[in-house]
Each structure stands twice: as C-alpha cells, then as structure tokens.
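*Asks:* Take this structure, written in structure tokens, and hold onto it; I'll ask about it next.
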Amino acid sequence: MAQQRQSYQTGHAPKCLVVVDDSAEWDRAVRYASRWAIRNSGGIVMLRIIEIEDQNQQWLGVADLMRAEAHEEANAALDRGAALAGSIGVTAPERVVREGDATDQILATIEADADIALLMLAANSGAEGPGPLITQVTDIAGTFPIPVLIVPGDLKDADIDALA
C-alpha cells in the first residue's frame, strides 16, 4: 500500500471499516465497530460489496436490471447497519457500495481513505467455519495494510459492550 495511514494526524480521525453482508453475524461487527468508534472519537465506514458475474452482451438489459436490484439491496443493508450504529450513538456512518471481488474491494476502500485504521469483521461460530470472507481475508492477513479485528459471531451485546 503506497498511501500512509493518516488516522491520527491533525485534522484527521480514525475510522473503522466494517463489511455489511448477508451473514448471520454481520451485526456483531457493526456493534463492535460502533463501540470502538465512540471510544476512539472515530468514525465508521460501512462497506457493502456486490459481486457481479460476467454478463453476456445479449442479456445486457437483464444485467442492468440485476445490477440496479443489487444496488437497492445494498442500500437497504446499509440502512440496517446505519440504524444499528445510530442506536449505539454513532451519527452518520459513511456508506460505500462497491462491485467486484470482496478482498479486492476491501483493499480498494482502504486505499481510497487514509483515515481507515482498522478492518472489523465478524466470524460465524458454527461448525461450517468462520465464513468465506474471513477465510479470504485471513489468507492474506499478513500483507494487509491495516490491522484486522475478527469478532466472534456468538458474542452477546453485553459482551461486546464490555470489550469495546
């Protein structure tokens, strides 16, 4: 990563990047990130990633409809995330919608904002494993430009509040 983090420089504030996805535990990451933001006088950047498959040109109209629908769903998910963050006391979290590979889009979001100081994800606590996003990110965690915090998906609100 070419750009140095500026999170704690004068005129900047640290931000936590949190992915709002369709997992059962997404709210654990948003809750922890919200508590972190309040305690650190920082902000939250909520990211929703739309994975768009290659579309055949003859179906371009259908692809456009699918993309528009995916953006509507993304904004609805970010609305839910913003409502949760707001209920904890975070005002106006930033919202980002990106299309493409999840890891690439997380890295691009970090690169685009030098104030992002932490990536917050939540892991599935079930027997099927932590989830595909956690698996992808941990595969390259050693080369990530910022720390990655993984919140256990079965933590209760009171547990998160006590930790963050």
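The values are calculated or read from the model by the stated rules, or taken from the named source; none is laboratory data. Just so we're clear, the structure is a prediction, and the values are computed from it rather than from any experiment. Don't worry about glycine lacking a Cβ; one is built from the backbone with ideal geometry, like all the others, and counts go over all protein chains shown. Note: areas computed on protein heavy atoms with side chains; ligands, DNA, RNA excluded. Shrake-Rupley method; radii C 1.70, N 1.55, O 1.52, S 1.80 Å.
*Asks:* Sorted by packing (mean other beta-carbon atoms within 10 Å per residue), highest first, where do 16-25, 143-152, 38-47 land?
*Replies:* The most tightly packed comes first, giving 16-25, 38-47, 143-152.
*Asks:* Run the numbers for Ser87 and His12: contour at 0.36 nm per residue of separation, minus the present Cα-Cα distance, in nm.
*Replies:* Full extension from Ser87 to His12 adds 24.6 nm.
*Asks:* Tell me, what is the percent relative contact order of the chain, built from C-alpha pairs under 8 Å that lie six or more residues apart?
*Replies:* In percent, rounded to a whole number, it is 33.
*Asks:* What does the helix-only formula give at 222 nm for the chain: each DSSP H stretch with n ≥ 4 adding -39500 (n - 2.57), the total divided by the residues, and the result rounded to the nearest 500 deg cm²/dmol?
*Replies:* -13500 deg cm²/dmol
*Asks:* In Å², what does the accessible area per residue of the chain work out to with a 1.4 Å probe?
*Replies:* 54 Å²
*Asks:* Let me ask something else. On the protein heavy atoms, probe 1.4 angstrom, tell me the percent of accessible surface of segment 1-160 carried by carbon and sulfur.
*Replies:* 49 percent
*Asks:* A follow-up question, please. For labels at Glu69 and Asp101 in the simple 7 Å Cα→Cβ model, what's the distance in nm?
*Replies:* A separation of 2.7 nm, rounded to one decimal place.
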